Amino acid sequence: TAAPLGGRPSAEGLMELCVAPRGYFTYTGSKGREYFSDATQQLLEAETLPKEQRELVEELHRRIHALCQQPGNTKFLGIGSGLQRKFGEVTMARNDPAGTVPEPESRRFMAAVRRVKEELDPDGTGLDLHDTGTDMEIFPRVMGGRPSFDKGNGVLRLDQKLGLHLSEGPNIVCGDTSSDVPMVVAILRLMCGDKMVDRWQERLRKENEAGSGEVPEEETGIPNDDSLNELDESAMERAAAQAR
């Protein structure tokens with residue numbers, strides 16, 4: 001989950017909400033950047049966050065929490081996602097899907113959060129903010145302004161740390177938002193290879209651009225539906241053999 005894993009003071013999350021017996025599942029949070037180890041009964045990092053970024057995120061959380069204590073702002077702690085301190089990211093709600101907060105008030109609070117970010121990062125090189133319409137996600141920047149970590153990165157790191165052997169399959173990937181797509185792409189890359197996934201993505205891009213839903217193979221060098229189906233059937237046969 002992108003939500004915090006919890007298990008530590010002032011950073012409650014999945015561990016505090018889950019009622020399943022320990023040992024049956026491996027719980028991960030913050031897009032897979034942290035996980036709970038049953039062997040050591042500790043929260044561990046799938047990928048280390050650089051010290052300067054860790055301190056920046058901690059100070060950001062402290063300042064936004066202080067902002068929420070000001071008159072007129074406490075309600076934002078109780079709607080939608082509230083305030084979440086994740087590993088490598090801070091999420092702050094400005095509304096919920098029902099639009100409980102009037103849009104002018106929501107935008108006022110968003111502007112206040114942006115000021116906090118700009119005070120911490122005046123030149124705009126250390127932090128980035130993504131507004132989902134209901135939540136503000138603030139995270140450390142890397143080259144090109146990309147998020148420093150997504151769920152695809154989480155899948156790859158957890159595969160390495162936990163020895164999941166995801167490349168062998170079969171795997172089930174579930175999600176309900178666009179931020180879950182990198183998990184699907186990461187699994188496909190592990191199982192099918194970068195070259196094949198790049199070809200699939202290129203085909204989808206060309207189909208979207210053409211708007212016709214069909215691009216001749218001889219024009220793109222991308223396999224047609226029949227060859228893709230053959231690949232799918234081959235993958236399914238391998239998975240069935242492994243399951244037996």
Please determine whether any residue of region 190-210 is in contact (Cβ under 8 Å) with a residue 60 or more places away in the chain and outside any helix (DSSP H, G or I). no
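Here's the yes/no breakdown for (1) in contact with a helix residue (DSSP H, G or I) (Cβ under 7 Å, 6 or more places away or on another chain); (2) in a strand (DSSP E or B); (3) within 24 Å of E59 (Cβ to Cβ):
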{"position": "G80", "(1), (2), (3)": "no, no, yes"}
{"position": "T100", "(1), (2), (3)": "no, no, no"}
{"position": "S106", "(1), (2), (3)": "no, no, no"}
{"position": "M110", "(1), (2), (3)": "no, no, yes"}
{"position": "R115", "(1), (2), (3)": "no, no, yes"}
{"position": "L129", "(1), (2), (3)": "yes, yes, yes"}
{"position": "G133", "(1), (2), (3)": "no, no, no"}
{"position": "V173", "(1), (2), (3)": "yes, no, no"}
Quick check on E103: is it of a type in the set (D, E), open to solvent by 30 Å² or more (accessible area, probe 1.4 Å) and within 29 Å of E47 (Cα to Cα)? no
Can you say whether C192 is open to solvent by less than 80 Å² (accessible area, probe 1.4 Å) and over 30 Å from L67 (Cβ atoms), as far as the supplied structure shows? yes
I'd like the full set of residues that are in contact with an Asp or Glu (Cβ under 8 Å, 6 or more places away or on another chain) and open to solvent by less than 90 Å² (accessible area, probe 1.4 Å), limited to region 15-34. G23, T26, T28, S30, K31, R33, E34
When residues of region 90-144 are filtered for being of a type in the set (D, E, K, R) and in contact (Cβ under 8 Å) with a residue 60 or more places away in the chain, how many remain? 1
Condition set in a loop (DSSP other than H, G, I, E, B) and surrounded by fewer than 15 Cβ atoms within 10 Å (Cβ to Cβ), scope region 35-52, selection nearest to the chain's Cα centre (by Cα): answer is T48
Could you list, in sequence order, all residues of region 109-140 that are in contact with a Ser or Thr (Cβ under 7 Å, 6 or more places away or on another chain) and open to solvent by 30 Å² or more (accessible area, probe 1.4 Å)? E137
One residue is enough: does region 73-91 have a residue meeting the conditions touching a strand residue (DSSP E or B) at 6+ places or on another chain (Cβ under 7 Å) and more than 25 Å from G175 (Cα to Cα)? yes
Considering only region 141-162, I want to know if a residue exists there that is open to solvent by 30 Å² or more (accessible area, probe 1.4 Å), in contact with an Asp or Glu (Cβ under 6 Å, 6 or more places away or on another chain) and closer than 30 Å to F109 by Cα. yes
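For region 45-62, does any single residue satisfy the condition of being farther than 22 Å from F149 by Cα and of a type outside the set (F, W, Y)?
no
The values are calculated or read from the model by the stated rules, or taken from the named source; none is laboratory data. Owing to the predicted nature of the structure, the values given are computational and were not obtained by experimental measurement. No Cβ is skipped: glycine too gets one built from the backbone with ideal geometry, and neighbour counts run over all protein chains shown. All accessible areas refer to the heavy atoms of the entire protein, side chains included, with ligands and DNA or RNA removed. Shrake-Rupley method; radii C 1.70, N 1.55, O 1.52, S 1.80 Å.
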